[in-house]
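The values are calculated or read from the model by the stated rules, or taken from the named source; none is laboratory data. A quick note: this is a predicted structure, and the numbers were derived from the prediction, not measured. Using ideal geometry, Cβ is built from the backbone for each residue, glycine included, and neighbour counts are taken over all protein chains shown. Each accessible area value is taken on the protein alone, full model and side chains, heavy atoms only, with ligands, DNA and RNA left out. Shrake-Rupley method; radii C 1.70, N 1.55, O 1.52, S 1.80 Å.
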Amino acid sequence: MDELKKIIVEFAETSKKTKFYFKDIEKAVQKVNPDAKMREIKNACTALINEGTMIYFSTGSSTMYGLKGKGMMEDPE
Amino acid sequence: MPFEPNEPQKEIKYEETRIYTDAELNSCSDEELKNFKIKHQIPDLEELENGPWPSFVADAKQEALHRRKLADERMLIDRDVVEDMLGQLQVSFDDGETHWKHGGIVGVFGYGGGVIGRYSDLPERYPSIAHFHTIRVNQPASKFYNSDLLRTICDMWEYRGSGLMNLHGSTGDLVLLGTTTEQLEPIFFELTHVLGQDIGGSGSNLRTPSCCIGRARCEFACYDTQNLCYELTQYYQDELHRPAFPYKFKLKFDGCPNGCVASMARSDMSFIGTWRDSIRIDQDTVKAYIAGDVVPNGGAHMGRDWGKFDIHKEVIDLCPTKCMSLVDDELRIDNQECTRCMHCINVMPKALKPGKDNGLSILLGAKAPILEGAQMATLIVPFMKAEPPYDNIKEFIEKVWEFWIEEGKNRERLGELMQRTGLPKFLETIGLPPAPQMIKTPRENPYILWKEEDVPGGWNRNVNEYRTRHKR
């Protein structure tokens, strides 16, 4: 779990983008750790959300993940 | 089987939870309402009040007047929210485009859905609705409420939100329209901890599952829609609140092919009750219908005189597969040909009933037009038993999710993925054999291309030799 969390945070920190679809996180993690299962990656993301490292970002109809403090925060004004 | 909740249910008593007095709730007279003008000019919206049906504009104005009369400390967000909402809507009518922005980082802690950020792009003109977020509340199965709960939610929403709500959104949730970011956590606490409710699904989640009234009120229900809906809502809590799907996913449950929740058109995975034995016929009651002793259609459409009931004209000739006949005053049905249209059962509910070997059909891939056009669902499982603990259904759902999560692109619905991969590939992946029920005209439509290993003896076929006789 800790290893997955580290990979996710590293990916989110180094990417040009600031918000990610879950699928893109999954692909990035599996590039580093091909054995990681989707459910484990999701649990790692949930743990990062609960710790406050990551946040959910909603487009209104689909949901993305982002690092707290990186890119657009709060309301879109 | 009596309903057994997974955890003890709270009994809500409005007298204990209420926020407002009767005098505060009934503060506006009809006369006042008639003469009431909101602070903005809204000529186009007022035009909507002139139609024959009740208008949301009239309701919103009533709420605006109500909020004007409440004392300042009796509401936690701006008094003018409803008036500003109507004012902005008039501007949207004038401009022909919306002035709402949506999305962003609003939500309650740990949940990836249930709150939809909504912002005005005219915050200087309409400051009270600069932040006007929507909250979805998971509705009970079949939307059966106790009025104490509804009143309590209404009071809470008047106090902490705009007082505007939508019963119900297309997903089925009770939709609370308009509050500020600061109020989201307190509202979530009230709903979950105090009232024992939960918020619904939004975003790339499993959306709140929804079902018809099922066996609670309907004799046609072929399985317990409420129980299945409740069980799957509880079982898939993680999928409902923590998004990891490519896009939204909806489960809806119809107890019979009448389809009262229109699952076939509105859900990625639609469960429709059906039977695999024969329609039960009570021949004496059929005769009573023919003789005019029993009113057809359960008494519906009685507003005018349609003449004597004619079983040929009104039932037999309308059967889409022509599987019915009347021989010596006896109604016969060729059940193998029956397509479960429900028409005969609906017209003569006392004489005809669905069979007793009940279960459900599963259809996949319906959606509204967002990225691609609207799609109706495709029948994938013609018949499956639906009995607790529903392990067969859960296994199927998870197989489909596995495929969709693996293969689906970001923001691609299941129906679009099925279209992209093609039905044969899709069936192969989820491990189901092709069945004639999956398509409309199985005798004409060779939708499955056989592989050589599937056909006993295989085949010898030289394509080049074939092409010498048949030009492309």
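Miscellaneous remarks
- Projecting the Cα atoms of B:P127, B:H193, B:L174 onto the dipole axis of region B:101-223, where Lys and Arg carry +1 and Asp and Glu carry -1 at the beta carbon, places B:L174 farthest toward the positive end.
- Solvent-free Debye scattering, log10 I(q)/I(0), computed from the Cα coordinates of chain B at q = 0.10, 0.11 Å⁻¹: -0.93, -1.07
- Modelled spin-label separation between B:Y447 and B:M376, with each label point placed 7 Å from Cα along the Cα-to-Cβ direction: 1.2 nm.
- Applying 0.36 nm per residue to the separation of B:I430 and B:V194 and subtracting their alpha-carbon distance, the gain on full extension is 80.7 nm.
- Distance between the pseudo-spin-label points of B:E73 and B:K10 (7 Å out from Cα toward the beta carbon): 2.5 nm.
- Unmatched cysteines, chain B - criterion: no other Cβ of a Cys under 4.7 angstrom: B:C28, B:C154, B:C218, B:C222, B:C256, B:C319, B:C323, B:C338, B:C341, B:C344
- Grouping the Cα pair distances of region B:280-353 into 10 Å bins from zero gives a pair-distance distribution of 19, 58, 21, 1 percent in increasing distance order.
- Cβ charges +1 (Lys, Arg) and -1 (Asp, Glu), total dipole of region A:2-67, debye: 280 debye
- Paramagnetic label zone (point 7 Å from Cα along Cα-to-C-beta, B:A300; backbone N under 15 Å) in region B:252-278: B:255-262
- Minimum 50 Å² accessible area buried by the other protein chains, region A:50-67 residues, probe 1.4 Å, relative to alone: A:Y56, A:S58, A:G60, A:S61, A:T63
- D by Stokes-Einstein for the protein assembly as shown, Kirkwood Rh over Cα pairs, 20 °C, 1.002 mPa s: 79 µm²/s.
- Cross-link check: pairs B:K143/B:K385; A:K17/B:K409; A:K17/A:K37; A:K19/B:K143 evaluated at a Cα-Cα cut-off of 29 Å; pairs beyond the cut-off: A:K19/B:K143.
- Pairs from B:K252/B:K394; A:K5/A:K27; A:K42/B:K101 whose Cα-Cα separation, in the structure shown, is over 21 Å: A:K42/B:K101
- Pairwise centroid distance, computed over Cα atoms, of region B:108-139 with region B:289-312, Å: 51 Å
- Alpha carbon centroid spacing (whole Å) that separates region B:157-215 from region B:396-469: 40 Å
- Solvent-free Debye scattering, log10 I(q)/I(0), computed from the Cα coordinates of region B:346-466 at q = 0.18, 0.21 Å⁻¹: -1.11, -1.29
- Rounded accessible area per residue of chain A, 1.4 Å, Å²: 52 Å²
- Candidates B:Y390, B:Q437, B:N464 compared by Cα position along the dipole of chain B: farthest toward the positive end lies B:N464, with charges placed on Cβ.
- Note on region A:15-77: Rg/Rh from C-alpha atoms, Kirkwood Rh, equals 0.98.
- Looking at region B:108-201, the chymotrypsin sites (Phe, Trp or Tyr not before Pro) that sit in a DSSP loop and have at most 11 other Cβ atoms within 10 Å of their own Cβ are B:F109, B:F144.
- Each residue of region B:376-389 was assigned a 3J(HN,Hα) from its phi angle through the Karplus expression (A = 6.51, B = -1.76, C = 1.60, θ = phi - 60°), giving 8, 6, 10, 6, 10, 10, x, 8, 8, 5, 10, 10, x, x Hz with x at Gly and Pro.
- Accessible area of A:D35 (1.4 Å probe, protein heavy atoms only, ligands and nucleic acids ignored): about 120 Å².
- Take the Cβ atoms of B:F3 and A:T59, set R0 to 51 Å, and the FRET efficiency comes out at 0.85.
- Selection from A:V9, A:S58, A:T46, by position along the positive dipole direction of region A:2-67 (Cβ): A:S58
- Protein-protein interface of region B:94-114, residues with accessible area decrease of at least 20 Å², isolated chain reference, 1.4 Å probe: B:K101, B:H102, B:G103, B:G104, B:I105, B:F109, B:G110, B:G112
- The string of couplings for region B:28-41 from the Karplus curve (6.51, -1.76, 1.60, θ = phi - 60°) is 10, 8, 4, 4, 4, 5, 4, 8, 6, 10, 7, 6, 10, 7 Hz, one whole number per residue in order, with x for Gly and Pro.
- Taking the average, over residues, of other Cβ atoms within 10 Å as the packing measure, peptides B:379-390, B:41-52, B:192-203, A:58-69 rank B:192-203, A:58-69, B:379-390, B:41-52 from highest down.
- Förster-model FRET efficiency, 51 Å R0, A:D2 and B:N26, C-beta, rounded to 0.05: 0.30
- Backbone phi angles across region B:3-17, fed through the Karplus curve with coefficients 6.51, -1.76 and 1.60 (θ = phi - 60°), yield HN-Hα couplings of 6, 10, x, 5, 9, x, 8, 7, 9, 8, 10, 4, 4, 8, 9 Hz in residue order; Gly and Pro are listed as x.
- Interface between chains B and A: roughly 2500 Å² of accessible area buried, both sides summed (probe 1.4 Å, protein heavy atoms only).
- The mean count of C-beta atoms from other chains within 10 Å of the C-beta of residues in B:235-245, rounded to a whole number, is 4.
- The modelled label-to-label distance for the pair A:E51/B:T421, using points 7 Å beyond Cα in the direction of Cβ, is 3.4 nm.
- Extension gain, B:S325 to B:V463, is 44.8 nm, computed as 0.36 nm per intervening residue step minus the present C-alpha separation.
- Given charges at beta-carbon only (K, R positive; D, E negative), |dipole| of region B:14-194 in Debye: 320 debye
- Dividing the summed helix terms, -39500 (n - 2.57) for each DSSP H run of n ≥ 4, by the number of residues in the protein assembly as shown produces a 222 nm estimate of -9500 deg cm²/dmol to the nearest 500.
- Shown is the FRET efficiency for A:R39 and B:T339, computed with R0 = 45 Å from the Cβ-Cβ distance and rounded to the nearest 0.05: 0.70.
- Dipole magnitude of the protein assembly as shown, debye to nearest 20 (Cβ charges: Lys/Arg +1, Asp/Glu -1, about Cα centre): 1980 debye
- Average beta-carbon neighbours from other chains, 10 Å sphere, peptide A:18-25: 4
- Each peptide in B:392-401, B:410-419 was scored by the mean count of other Cβ atoms within 10 Å over its residues; highest first, the order is B:410-419, B:392-401.
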